[in-house]
Amino acid sequence: ANTTAATAATAAPTPGAVDSRSREELIAAGRAVYNANCIACHAMDPRIDGALGPAVAGSSAELIAARVLRAEYPEGHTPK
């Protein structure tokens, strides 16, 4: 197996870099990250509330970036 290709499929690009992955590859990478890190608290279906966390579908990009990249909430955001 080509581990470099597998790693590249799920690895995040350098901040500010242009990501050359196809839409399908980006969706697959996002799904893998969500399944590995989010479904413990949020539901497998991001449109419904999970055991601990609210539904994430429809959340702003600002909120998702703040939570995923910095483990914080955007200024002025009140968690559910």
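The values are calculated or read from the model by the stated rules, or taken from the named source; none is laboratory data. Source: prediction; values computed, not measured. Ideal geometry is used to build each Cβ from the backbone, glycine not excepted, and the neighbour counts take in all protein chains shown. For the accessible areas, the whole protein counts, side chains as well, though only heavy atoms, and no ligand, DNA or RNA atoms are used. Shrake-Rupley method; radii C 1.70, N 1.55, O 1.52, S 1.80 Å.
Scan region 35-53 for residues that are of a type outside the set (D, E, K, R) and open to solvent by 40 Å² or more (accessible area, probe 1.4 Å) and jot them down.
Matches in region 35-53: 35, 36, 37, 39, 40, 41, 42, 44, 46, 48, 51, 52.
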Scanning region 33-59 for residues that are over 11 Å from residue 80 (Cβ atoms), of a type in the set (Val, Ile, Thr) and out of contact with any Ser or Thr (no Cβ under 9 Å at 6 or more places or on another chain), which turns out modelled with the lowest pLDDT?
39
Of everything in region 15-62, what is touching a Gly at 6+ places or on another chain (Cβ under 9 Å) and of a type in the set (D, E, K, R)? Give them in sequence order.
47
Any chance residue 25 is open to solvent by 100 Å² or more (accessible area, probe 1.4 Å) and free of Cβ contacts under 8 Å to residues at least 24 places away in the same chain
no
